[in-house]
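Visitor: Structure below; questions to follow.
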Amino acid sequence: MYEHSFPNKRYKETLQFLTKVAPAPADILDLGVKNPFSEIMEKQGYSVTNTQGEDLDLDTSAVQNTSAEIVTAFEIFEHLLAPFNVLKDIKASKLVASVPLRLWFSPAYRNKNDSWDRHYNEFE
């Protein structure tokens, strides 16, 4: 996943923010498949469940049926056609999310080799 650049700084800052607004121990539903940051959260004392790669534009049952008190969504919403659908169905008491901002070095893109790796939305 990170062949040439592991996002150490982003992960450090994200973890600092998460532990400030939602300290461990806590149950987290992390939108997106298991990833290196899921493991970092677990090492910090969070109980983390990830979604399973389902299309969250069409299937929001993971957020509707979870008992997790926190939903995290790190760099996920830009990949959805309609992020509002999953946002409106979140039942958890907290949502901690990040999105890439539309900056001169971060335009919308589509990976021709991976149909899931594309940005449909940009945020400012």
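The values are calculated or read from the model by the stated rules, or taken from the named source; none is laboratory data. Source: prediction; values computed, not measured. Glycine gets a Cβ as well: all are built from the backbone with ideal geometry, and neighbour counts include every protein chain shown. Keep in mind that these areas ignore ligands, DNA and RNA; they rest on the heavy atoms of the full protein, side chains included. Shrake-Rupley method; radii C 1.70, N 1.55, O 1.52, S 1.80 Å.
Visitor: Kindly provide the set of residues from segment 58-75 that are part of a loop (DSSP other than H, G, I, E, B) and open to solvent by less than 30 Å² (accessible area, probe 1.4 Å), ordered by number.
Guide: Of segment 58-75, the ones part of a loop (DSSP other than H, G, I, E, B) are 58-60, 65-69, 75.
T60, A68 - these are the residues of segment 58-75 that are part of a loop (DSSP other than H, G, I, E, B) and open to solvent by less than 30 Å² (accessible area, probe 1.4 Å).
Visitor: Still on this model: Could you list, in sequence order, all residues of segment 16-51 that are among the aliphatic types (A, V, I, L, M), open to solvent by 30 Å² or more (accessible area, probe 1.4 Å) and either closer than 20 Å to H79 by Cβ or without any contact (Cβ under 8 Å) to a residue 60 or more places away in the chain (or both)?
Guide: In the first step, residues of segment 16-51 are kept if they are among the aliphatic types (A, V, I, L, M); the result is 18, 21-22, 24, 26, 28-29, 31, 33, 40-41, 48.
Subset that is open to solvent by 30 Å² or more (accessible area, probe 1.4 Å): 21, 24, 33, 40.
Across segment 16-51, the qualifying residues are A24, V33, I40.
Visitor: Continuing with the same structure: Of the residues T60, T66, T49, only one is more than 15 Å from the chain's Cα centre (by Cα) and within 12 Å of L31 (Cα to Cα); which?
Guide: Numbers: T60 fails: more than 15 Å from the chain's Cα centre (by Cα); T49 fails: more than 15 Å from the chain's Cα centre (by Cα).
The unique qualifying residue is T66.
Visitor: I've got another one for you. For segment 37-54, enumerate the residues that are closer than 28 Å to F84 by Cβ and modelled with pLDDT of 95 or more.
Guide: Going through segment 37-54, the residues closer than 28 Å to F84 by Cβ turn out to be 37-38, 41, 46-54.
Matches in segment 37-54: F37, S38, M41, Y46, S47, V48, T49, N50, T51, Q52, E54.
Visitor: Moving on. I'd like the full set of residues that are in a loop (DSSP other than H, G, I, E, B) and in contact (Cβ under 8 Å) with a residue 60 or more places away in the chain, limited to segment 76-100. It would help to see each step written out before you state the result.
Guide: Pass one, segment 76-100, residues in a loop (DSSP other than H, G, I, E, B): 76, 80-82, 90-93, 99-100.
Correct list: A92 only.
Visitor: Further, regarding this structure: Would it be correct to say that I40 is hydrophobic (A, V, I, L, M, F, W, C) and more than 17 Å from D117 (Cβ to Cβ)?
Guide: Details: hydrophobic (A, V, I, L, M, F, W, C): yes; more than 17 Å from D117 (Cβ to Cβ): yes.
Taking the combined requirement at face value, the residue satisfies it.
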